[in-house]
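K.L.:
Pasting in a structure now, in structure tokens, and then I'll have a few things to ask.
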Amino acid sequence: MNLVTFSKLQQLSEQNLPNIAKAKQEGRKVIGFYCLYSPIEIAVAANAIPVSLCGTRNEPIEAAEKVLPRNLCPLIKSSYGYAATDTCPYFRFSDLVVGETTCDGKKKMFELLAKFRPIHILQLPQTQETDGALSFWYDEIVKFKKKVEKVTGVEITDERLSEAIKLTNQERKAKKALMDLPKMNPSPISGIELLTVMFKTGFFMDKRLGIALMNEIVDEFRRKGNPAESPFHPKTPRILVTGVPVGLGSEKVVRLIEKAGANVVCLENCSGYRSVFMIDENKEPLQAMAEKYLSTPCSVMSPNPGRIKLLDELIEDFSVDGVIDLTWQACHTYNIESYQIEKFVSEKWGLPFLHLETDYSESDTEQLRVRIEAFLEMVKS
Ligand code: SF4
Ligand code: SF4
């Protein structure tokens, strides 16, 4: 990324919190979300500001462990730790916090979180396949809409929802265009650069600014799509990372893969490709939202065929040479599902596969480095 674009990204990121503080003073509400199942369009339609609260850093974990078990997913501990230590400005700004009944750890943590902020729990079905799941989820979204109307004092009409959907779809389109850049071989952009742009723009209060900046970055990289300018070589191993969400602060595995000489060309997780499923703009808005969100292929669903289907498409589209499945420690759903993912990757695609289980600390960095380097040797051979 050129320096001008990078400094623009930095500048807009730094301006974000003051902008939210100002908007709050002027009466706008802030609604905090933790998960990709969250229908943020409801907040957007009520002129509230949706913010992501998912903890991606190690710092607040020590404080969280005073209340939560040590043997718990770092994402849950980090999210709780930020709230308990009052060190996340986005949490502090939130007039309402939204949790979903996804994995056991998260839903029990939300019970404890309720002492810090008003919380609304969306009861998420555990399957996408039974007839009742979608109508149950639809009703949950209707209840959430009523709650947001009460908090914001804004009536959320279908027109407002349709406008919100158009905006978030534009954001998904821009994100997808960005994530599609590494389809070029060699890729003009590194996995770390991609992650940085998506993570930072994901916090922008004004989604239009994030969309414009992502489109600008895509144009910049397309213009210099000259292989000679790529940081990679056509023979650089092209790695797909699947599994748990990754953000700045929890990106050590992506960093280690690229330091070891490979290129993370695709992230099949909530920070990557799963976040760009579009909402059908031709359907009744709440129904279209219910369908889109319930189809998110997370391991908390049983069964979870959508993840295999998505992986199948991405492995082909990105000409992937190897797959790394990342699981946060004590995440049972991703840990168990890894068996099926490995089977699929090796039997259908005959590709090398590596399952890594880690946390947000740096204590196992050396061990991870050795395993990743050995894996990449296998990919190259
Ligand atoms: S991995 Fe699953 S539970 Fe975690 S943010 Fe994504 S959808 Fe939500
Ligand atoms: S990574 Fe696993 S344990 Fe952690 S919040 Fe997501 S689903 Fe739950």
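K.L.:
Farther than 20 Å from Leu248 by Cβ, buried (at least 24 other Cβ atoms within 10 Å of the Cβ) and among the charged types (D, E, K, R) - does that describe any residue in the stretch 67-88?
P.N.:
No: zero hits.
K.L.:
Could you run through the stretch 298-316 and say how many residues are within 16 Å of Cys270 (Cβ to Cβ) and hydroxyl-bearing (Ser, Thr, Tyr)?
P.N.:
Qualifying residue count, the stretch 298-316: 1.
K.L.:
Could you pull out the residue among Phe33, Phe6 that is closer than 21 Å to Gln123 by Cβ and either at pLDDT below 95 or in contact with a strand residue (DSSP E or B) (Cβ under 6 Å, 6 or more places away or on another chain) (or both)?
P.N.:
Result: Phe33 is the single residue among Phe33, Phe6 that is closer than 21 Å to Gln123 by Cβ and either at pLDDT below 95 or in contact with a strand residue (DSSP E or B) (Cβ under 6 Å, 6 or more places away or on another chain) (or both).
K.L.:
Would you be able to tell me the number of residues in the stretch 67-117 that are within 19 Å of the chain's Cα centre (by Cα), away from ligand 2 (no atom under 14 Å from the Cβ) and of a type in the set (A, V, I, L, M)?
P.N.:
2
K.L.:
Continuing with this model, one more query. Given the criterion of a type in the set (Gly, Ala, Ser), surrounded by fewer than 22 Cβ atoms within 10 Å (Cβ to Cβ) and within 23 Å of the chain's Cα centre (by Cα), identify the matching residue among Ser7, Ser13.
P.N.:
Ser13
K.L.:
A further question follows. How many residues are more than 13 Å from ligand 1 (Cβ to nearest atom) and either under 27 Å from Leu178 (Cα atoms) or surrounded by 15 or more Cβ atoms within 10 Å (Cβ to Cβ) (or both) when one looks only at the stretch 326-346?
P.N.:
Adding up the residues that qualify gives 8.
K.L.:
Among the residues of the stretch 36-66, which ones are within 14 Å of ligand 2 (Cβ to nearest atom) and without any contact (Cβ under 8 Å) to a residue 24 or more places away in the chain?
P.N.:
If the condition is that a residue be within 14 Å of ligand 2 (Cβ to nearest atom) and without any contact (Cβ under 8 Å) to a residue 24 or more places away in the chain, then Ala64 is the only one that fits.
K.L.:
Specify the residue that is farthest from Leu376 (Cα to Cα); the eligible residues are those in the stretch 234-269 that are more than 16 Å from ligand 2 (Cβ to nearest atom) and in a loop (DSSP other than H, G, I, E, B).
P.N.:
My answer is Leu248.
K.L.:
Okay, moving on. Tell me, yes or no, whether the stretch 320-340 has at least one residue that is closer than 22 Å to Glu171 by Cβ and either assigned to a loop (DSSP other than H, G, I, E, B) or among the polar types (S, T, N, Q) (or both).
P.N.:
no
K.L.:
Tell me which residues, restricted to the stretch 303-347, are farther than 20 Å from Ser275 by Cα and polar (S, T, N, Q).
P.N.:
Ser319, Gln329, Asn335, Ser338, Gln340, Ser346
K.L.:
With the requirement that a residue be free of Cβ contacts under 8 Å to residues at least 40 places away in the same chain and either within 16 Å of ligand 1 (Cβ to nearest atom) or assigned to a helix (DSSP H, G or I) (or both), what does the stretch 356-381 give you?
P.N.:
Across the stretch 356-381, the qualifying residues are Glu357, Glu366, Gln367, Val370, Arg371, Ala374, Glu377.
K.L.:
Phe33 versus (1) touching a residue at least 40 places away in the same chain (Cβ under 8 Å); (2) surrounded by 15 or more Cβ atoms within 10 Å (Cβ to Cβ); (3) out of contact with any Ser or Thr (no Cβ under 8 Å at 6 or more places or on another chain): which is the lone unmet condition?
P.N.:
If we test Phe33 against (1) touching a residue at least 40 places away in the same chain (Cβ under 8 Å); (2) surrounded by 15 or more Cβ atoms within 10 Å (Cβ to Cβ); (3) out of contact with any Ser or Thr (no Cβ under 8 Å at 6 or more places or on another chain), just (3) comes out false.
K.L.:
Can you say whether Leu75 is of a type outside the set (Phe, Trp, Tyr) and closer than 22 Å to Ser275 by Cα, as far as the supplied structure shows?
P.N.:
yes
K.L.:
Quick check: is even one residue across the stretch 296-310 buried (at least 20 other Cβ atoms within 10 Å of the Cβ), hydrophobic (A, V, I, L, M, F, W, C), out of contact with any Gly (no Cβ under 6 Å at 6 or more places or on another chain) and outside any loop (DSSP other than H, G, I, E, B)?
P.N.:
Checked against the condition, which is being buried (at least 20 other Cβ atoms within 10 Å of the Cβ), hydrophobic (A, V, I, L, M, F, W, C), out of contact with any Gly (no Cβ under 6 Å at 6 or more places or on another chain) and outside any loop (DSSP other than H, G, I, E, B), the stretch 296-310 yields no hits at all.
K.L.:
Further question on the same structure: Can you pull out the helices (runs of 4 or more DSSP H) entirely within the stretch 129-233 that have at least 1 residues that are charged (D, E, K, R) and exposed (fewer than 15 other Cβ atoms within 10 Å of the Cβ)?
P.N.:
131-152, 158-179, 207-223
Table: residues versus (1) modelled with pLDDT under 95; (2) within 16 Å of ligand 1 (Cβ to nearest atom); (3) under 28 Å from Met214 (Cβ atoms).
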| position | (1), (2), (3) |
| --- | --- |
| Val98 | no, yes, yes |
| Lys107 | no, yes, no |
| Lys147 | no, no, no |
| Ile156 | no, no, yes |
| Leu167 | no, no, yes |
| Arg172 | no, yes, yes |
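The values are calculated or read from the model by the stated rules, or taken from the named source; none is laboratory data. Note that the coordinates shown come from a computational prediction; the quantities given were computed from them, not determined experimentally. All Cβ positions, even for glycine, are placed from backbone atoms using ideal geometry, and neighbour counts span all protein chains on display.
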